[in-house]
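The next block holds one structure in the form of structure tokens; read it before the comments.
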Amino acid sequence: MLIVANWKAYVETMEKAKRLLSVAKRLSMAGHHEIVIAPSAPHLGYLAGGNRTSVEFAAQDVSQTLGGAATGEVTAGLLADLGVSYVIVGHSERRAAGETDAIVLEKTRHALAHGLIPILCIGERERDAEAAYITHLRTQLSSVLSVLSQKERMRMVIAYEPIWAIGKSAAESITSADLTEMVLYIRKILGEFLPGKGNLKVRILYGGSVESANARTLAASSGIDGFLIGHASVDAASFGAIAKAVS
Ligand code: PGA
């Protein structure tokens, strides 16, 4: 499993960041999963610089610009130089701040051009009876995938994160039956862009209130390749319990 810890802005002290990193290192050394930590930008700079551990790092976002006169931006080149492996693009919390599909595409392309692996977040705000959310997911995926080369498509990680399930509890998260259906649907779209076995190289993660109580059930038969975990990833005990639950 690929387990990505999205710390969001939950971790505000270096002391806590270091403590969570040491838990992640232990889990990673146990060897069951690929563990990726996505700290805030300042902590990322501190923790990822000179990283010699089996834990990998992700940025929570990347700049749309390529550098130069762009105050406050963190570019793909800067992240690549730090030794960061992944970058989350199109998280719903960034989209809520005005990020469009076109911006997500640009960020994805910058990440790929610098050798970073984009974790493209897609997800519907709500489930309507007419299933318009299905069309919404297709648009989010195809606005990025249609522009990429076959090789680039195969480097993508897709994180399916229904907005209605984010930041709640395991009991309010997606059911395993619904997740199975969504993964099949996402695979079908991926198959249109990557016919044959190529689409199997693209890993599909699930995110949205993954906790120790639902991780095992969600992972069991849904076809997902891992999780993108928010609030439960900044609680050392919960994060450890999730990793154990899906071992
Ligand atoms: P959550 O967040 O686990 O707190 O629901 C997931 C995410 O937004 O990536």
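The values are calculated or read from the model by the stated rules, or taken from the named source; none is laboratory data. Everything quoted here is computed from the prediction, not taken from an experiment. Glycine also receives a Cβ, built like all others from the backbone with ideal geometry; neighbour counts cover every protein chain displayed. Note: areas computed on protein heavy atoms with side chains; ligands, DNA, RNA excluded. Shrake-Rupley method; radii C 1.70, N 1.55, O 1.52, S 1.80 Å.
Determine ³J(HN,Hα), in whole Hz, for all residues of segment 209-218 in sequence, where each value follows from phi through the Karplus function 6.51 cos²θ - 1.76 cosθ + 1.60 and θ = phi - 60°; x replaces Gly and Pro.
Along segment 209-218, the couplings run 6, 7, 9, 5, 6, 10, 4, 5, 4, 5 Hz.
Compute, for the chain, the length of the dipole vector about the Cα centre, with Cβ point charges of +1 (Lys, Arg) and -1 (Asp, Glu) only. Units Debye, rounded to 20. Show your work: numbers first, answer last.
Details: 25 positive and 24 negative charges, 158 e Å.
For the chain, the charge dipole is close to 760 debye.
Go through segment 24-33 residue by residue and turn each phi into a ³J(HN,Hα) via Karplus (6.51, -1.76, 1.60, θ = phi - 60°); whole Hz please, and just put x for glycine and proline.
Ordered by residue, 3J(HN,Hα) equals 4, 4, 4, 5, 5, 5, 5, x, 7, 9 Hz.
Can you list residues whose amide H is under 5 Å from D61's amide H, if they're 5+ apart or on another chain and H is modeled 1.01 Å from N?
I88
Is it possible to state the helix-based mean residue ellipticity at 222 nm for the chain, with each DSSP H run of 4+ residues giving -39500 (n - 2.57), the sum divided by total residues, to the nearest 500 deg cm²/dmol? What is it? Please report the intermediate quantities before stating the final value.
On the way: 10 runs with 102 residues, N = 247.
Calculated mean residue ellipticity at 222 nm is -12000 deg cm²/dmol.
Would you kindly derive the ³J(HN,Hα) couplings of segment 178-192 from the backbone phi angles with the Karplus curve 6.51 cos²θ - 1.76 cosθ + 1.60 (θ = phi - 60°), listing them in order in whole Hz, with x for Gly and Pro?
My calculation for segment 178-192 gives 5, 5, 4, 5, 5, 5, 4, 5, 5, 4, 4, 5, 4, x, 5 Hz in order.
Loop only by DSSP, 13 or fewer other Cβ within 10 Å of the Cβ. Give me the trypsin sites (Lys or Arg not before Pro) in segment 163-223 that pass, ordered by residue number. Working shown, then result.
Values: sites: K168, R187, K188, K197, K201, R203, R216; in loops: K168.
In loop regions of segment 163-223 (DSSP not H, G, I, E or B), the sparsely surrounded trypsin sites (Lys or Arg not before Pro) are K168.
Might you report the magnitude of the Cβ-based charge dipole of segment 53-154 about its Cα centre, with Lys and Arg at +1 and Asp and Glu at -1, to the nearest 20 debye? Numbers along the way, then the final one.
Numbers: 9 positive and 13 negative charges, 50 e Å.
My answer is approximately 240 debye.
Compute the signed sum of charges (Lys and Arg +1, Asp and Glu -1) over the other residues within less than 14 Å, Cβ to Cβ, of Y185.
Details: positive: R127, R138, R187, K188; negative: E124, D178, E181, E192.
Summing Lys/Arg as +1 and Asp/Glu as -1 gives 0.
With unit charges on the beta carbon (Lys/Arg positive, Asp/Glu negative), name the residue among A236, T180, H136 whose Cα is farthest towards the positive pole of the charge dipole of segment 2-245.
Going by the charge dipole, the pick is A236.
M29: accessible area at probe 1.4 Å, nearest 10 Å²?
140
Given the peptides 127-133, 97-103, 32-38, arrange them by the average over their residues of other C-beta atoms within 10 Å, most packed first.
Details: 127-133: 10.6, 97-103: 12.7, 32-38: 22.0.
Taking the mean over residues of other Cβ atoms within 10 Å, the ranking is 32-38, 97-103, 127-133.
Cut-off under 20 Å on the C-alpha distance; same-chain residues fewer than 8 positions from K201 excluded. Which lysines are left, in chain and number order?
K151, K188
Accessible area per residue, 1.4 Å probe, Å², for the chain: what's the number? Present the calculation step by step, with values, prior to reporting the outcome.
Numbers: 10780 Å² over 247 residues.
Dividing the accessible area of the chain by its residue count gives 44 Å².
Scan segment 165-204 for GluC sites (Glu not before Pro) in coil per DSSP, keeping those whose Cβ has at most 14 other Cβ atoms within 10 Å, and list them by number.
Values: sites: E172, E181, E192; in loops: none.
Listed in order of number, the matching sites amount to none.
Any idea how far the Cα center of segment 204-247 sits from the one of segment 1-50, in Å?
Taking the Cα centre of segment 1-50 as reference, the centre of segment 204-247 is 15 Å away.
Using modelled backbone amide H atoms (1.01 Å from N, in-plane), which distant-in-sequence or interchain residues come within less than 5 Å of G226's amide H?
L2, Y206
Can you give me the % of accessible surface on the chain that is carbon or sulfur? Probe 1.4 Å, all protein chains present, nothing else counted. All intermediate terms of the calculation are to be shown ahead of the outcome.
Numbers: 5790 of 10780 Å².
The computed percentage sits at 54.
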